[in-house]
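J.: Sharing a structure here in structure tokens format.
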Amino acid sequence: MILAGDIGGTNTRLAFYEGTSENLKAVATEVFPSREHKGLAEIARTFLDQHHQTARVACFGIAGAVVDGRVEATNLPWVVDARKLASDLGMERVSVINDLLANAHGIALLDESDFVVLNPGSPSPTGNRALISAGTGLGEAGLLAIPNGYEPFPSEGGHTDFGPRNELEMELLRYLMDRFEHVSYERVLSGPGLHNLYQFLRDTSRGDEPGWLAEEIAQGDPSAVIATSALEGTSDICVQALDIFVSVYGAEAGNLALKVVATGGMFVGGGIAPKIIRKLSSSTFLKAFTAKGRMGHLLQDIPVRVITNDKTALLGAARVAALALAFQA
């Protein structure tokens, strides 16, 4: 039995899997509110006890830079150490990996029905791939082309400096610099980032905030309210915010594609993309993705697909654990 986990700033998803790295079957899955618990060990013990199961190995994907099996979670007040976790849970082996690395591993186990194609492109059979995922934060990863497959590798590219492309985005950068010590792409491309965009437009008098909208934002999830209002066309300021979000998303996806020469394909993951797929499917995303001057022709041929399977990271973490088991055998 394998224990796999996808640890997010909002929710922690745990699952038991059986099978091999190429054919995994979920036995039990559960979701826990991350911030209602002191740490990952507490959640994992609860899951194990509730299902009366034991596992030989486990793998957990978590947002943050993992160094020697230890990570300080980016969006949680947790420090997770693989060795200590293995001891706490009584397991032979526990792996802690970056959450986007888990997602990248999970891609190998997805079906065609798990994708929405934004650009069919002309994939190179020997080209690298890349993954960008906006959710609670912004994650990025690469997949190195190797014989018979791909070798995923992690990145903390979401925390690189936000680069404005026009006068409006320059003003946005100045606005965000007054609020944050460092303005990364994550300050724009994430759930909180969409709210930042909305506040920028409101505070610089680029759109009116009606009372009903202010009340919904105050009482609910701001990014969800903004995205829904934009898609339904009920608020011009929300439409503007989502337009900027999608354009910057496409631009940064293009940046990542160039950095890893992702001629094998670009994948868009995370919790936000499936919810705004109608907007991502418009010309805004791809126009920004390919607007790279002399490199534009290269980007035009890169396939771009949105991942719609919300268990991709769980599958990927389970795959890493299964590979570790196979290596031990």
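J.: Can you compute the label reach from R165? Point 7 Å from Cα along the Cβ direction, backbone N cut-off under 19 Å, restricted to region 88-124.
T.: Output list for this probe position: 118-121.
J.: So which residue, out of Q240, Q199, Q53, gets the largest mean-square fluctuation from a GNM of the chain using Cα contacts under 10 Å as springs?
T.: Of Q240, Q199, Q53, the Gaussian network model singles out Q53 as fluctuating most.
J.: Bin all alpha-carbon pair distances of region 20-146 at 5 Å intervals from 0 and give each bin's fraction as a whole percent.
T.: In whole percents, the pair-distance histogram is 2, 8, 16, 20, 20, 15, 10, 5, 3, 1.
J.: So who's got an amide H within less than 5 Å of the one on F115, skipping anything under 5 residues away but keeping other chains? H placed 1.01 Å off N, in plane.
T.: Long-range HN contacts for F115: T308.
J.: Okay, moving on. Using unit Cβ charges (K, R positive; D, E negative) and no other charged atoms, how large, in debye to the nearest 20, is the dipole of the chain about its Cα centre? The partial results should precede the final answer.
T.: Numbers: 27 positive and 38 negative charges, 147 e Å.
The dipole magnitude comes to about 700 debye.
J.: OK, next. Be a star and scan region 114-157 for residues whose amide nitrogen sits under 17 Å from the point 7 Å along the Cα-to-Cβ vector of Q300.
T.: Of the residues in region 114-157, 119-124 have backbone N under 17 Å from the label point off Q300.
J.: List the chymotrypsin sites (Phe, Trp or Tyr not before Pro) within region 133-191 that fall in a DSSP loop (any state other than H, G, I, E or B) and whose Cβ has at most 12 other Cβ atoms within 10 Å.
T.: Values: sites: Y150, F162, Y175, F180, Y185; in loops: F162, F180.
Qualifying residues, ordered by number: F180.
J.: Determine the percent antiparallel among the DSSP beta bridges restricted to the chain, to the nearest 5. It would help to have the intermediate numbers written out before the result.
T.: On the way: 38 of 58 bridges.
The antiparallel fraction comes to roughly 65 percent.
J.: Which entries in the list K25/K287; K84/K311; K25/K275; K279/K311; K38/K311 go over 30 Å, if you measure between the two C-alpha atoms of each?
T.: K25/K287
J.: In the calculated pair distance distribution of region 101-164, what percentage of Cα-Cα distances lie above 18 Å?
T.: Numbers: 929 of 2016 pairs.
Taking all Cα-Cα pairs of region 101-164, the fraction more than 18 Å apart is 46 percent.
J.: Over all directions, the average projected area of the alpha-carbon convex hull for region 73-180 comes to how many nm²? Can you show the working numbers first?
T.: Values: hull surface 43.4 nm².
Mean orientational projected area (region 73-180, Cα hull): 10.8 nm².
J.: Over all directions, how big on average is the projection of the convex hull of the alpha-carbon atoms in region 233-317, in square nanometres?
T.: Working: hull surface 25.2 nm².
Here the figure is 6.3 nm², rounded to one decimal.
J.: Quick one: net charge around D114, please, counting Lys, Arg +1 and Asp, Glu -1 for every other residue with C-beta under 12 Å from its C-beta. Present the calculation step by step, with values, prior to reporting the outcome.
T.: Working: positive: R305, K311; negative: D111, E112, D310.
Within the 12 Å Cβ shell, the charges total -1.
J.: Right, here's the next one. What's the percent breakdown of Cα-Cα distances in region 68-122 across 10 Å bins, shortest bin first?
T.: The calculated distribution, bin by bin, is 19, 34, 24, 17, 5.
J.: Between R83 and E36, what FRET efficiency comes out of the Förster formula 1/(1 + (r/R0)^6) with R0 = 22 Å and r the beta carbon distance, rounded to 0.05? Could the numbers behind the result be given before it?
T.: On the way: r = 26 Å, r/R0 = 1.16.
E between E36 and R83, to the nearest 0.05, is 0.30.
J.: Can you say what percent of the DSSP beta bridges in region 28-149, counting only those with both residues inside, are antiparallel? Round to 5.
T.: Numbers: 11 of 17 bridges.
Approximately 65 percent, going by the DSSP bridge assignments.
J.: Next up: Over region 2-57, what lengths in whole Å, largest first, do the semi-axes of the equivalent ellipsoid take, defined as the square roots of 5 times the eigenvalues of the alpha-carbon gyration tensor?
T.: Values for region 2-57, descending: 20, 13, 9 Å.
J.: While we're here: What Rg and what Dmax come out for region 157-238 when only alpha-carbon atoms are used, in angstroms?
T.: Taking only Cα atoms of region 157-238, I get Rg and Dmax of 12.9, 37 Å.
J.: I've got another one for you. No solvent, one uniform scatterer per C-alpha: report log10 I(q)/I(0) for the chain via the Debye equation at q = 0.09, 0.12, 0.14, 0.16 1/Å, two decimals.
T.: Treating every Cα as an identical point scatterer, log10 I(q)/I(0) equals -0.48, -0.84, -1.10, -1.34.
J.: Also, quick follow-up: Take the alpha carbon atoms of region 234-280, find their radius of gyration, then divide it by 2.2 N^0.38 Å using N residues; give the quotient. Present the calculation step by step, with values, prior to reporting the outcome.
T.: Values: Rg = 12.5 Å, N = 47, 2.2 N^0.38 = 9.5 Å.
Cα Rg divided by the expected 2.2 N^0.38 Å: 1.32.
J.: To the nearest 10 degrees, how steep is helix 312-328 against the longest Cα principal axis of the chain, on a 0 to 90 scale?
T.: That helix lies at roughly 30 degrees to the long axis.
J.: Can you give the relative contact order of the chain as a percent, counting alpha carbon pairs under 8 Å and 6+ residues apart? Kindly include the intermediate steps, with their values, before the conclusion.
T.: Working: 666 pairs, mean separation 77.2, N = 329.
Relative contact order, the chain: 23 percent.
J.: Go from 0 up to the bin containing the longest alpha carbon distance in region 173-221, width 10 Å each, and give me the % of pairs per bin.
T.: 25, 50, 25, 1
J.: Okay, next question. Compare S87, S34, S247 in a GNM of the chain, Cα atoms joined below 10 Å, and give the one with the largest fluctuation.
T.: Ranking S87, S34, S247 by mean-square fluctuation puts S87 first.
J.: If you average the sequence gap of Cα pairs under 8 Å that are 6 or more apart and divide by the length of region 65-160, what percent do you get for the contact order? Working shown, then result.
T.: Numbers: 119 pairs, mean separation 20.3, N = 96.
In percent, rounded to a whole number, it is 21.
J.: Order these peptides, 290-300, 132-142, by their mean beta-carbon neighbour count within 10 angstrom, highest first.
T.: On the way: 290-300: 13.8, 132-142: 27.3.
Top to bottom by mean Cβ count within 10 Å: 132-142, 290-300.
J.: Would you please state the base-10 log of I(q)/I(0) at q = 0.15, 0.17, 0.18 1/Å for region 175-329, with intensities from the Debye formula using one equal scatterer on every alpha carbon?
T.: Reported log10 I(q)/I(0), two decimals: -0.88, -1.05, -1.12.
J.: Continuing with this model, one more query. When only DSSP loop residues count, what trypsin sites (Lys or Arg not before Pro) in region 89-172 have their Cβ near at most 16 other Cβ atoms within 10 Å?
T.: On the way: sites: R93, R129, R165; in loops: R165.
In loop regions of region 89-172 (DSSP not H, G, I, E or B), the sparsely surrounded trypsin sites (Lys or Arg not before Pro) are R165.
J.: Oh, and also: Placing one identical point scatterer on every Cα of region 97-256 and ignoring solvent, what is log10 I(q)/I(0) from the Debye formula at q = 0.15 Å⁻¹?
T.: After summing over all Cα pairs, the log10 values are -0.88.
Here, each number is a calculation from the coordinates, and none is a lab measurement. The structure presented is a predicted model; accordingly, all values stated were derived computationally and were not measured. Here Cβ is always computed from backbone atoms with ideal geometry, including for glycine, and neighbour counts include all displayed protein chains.
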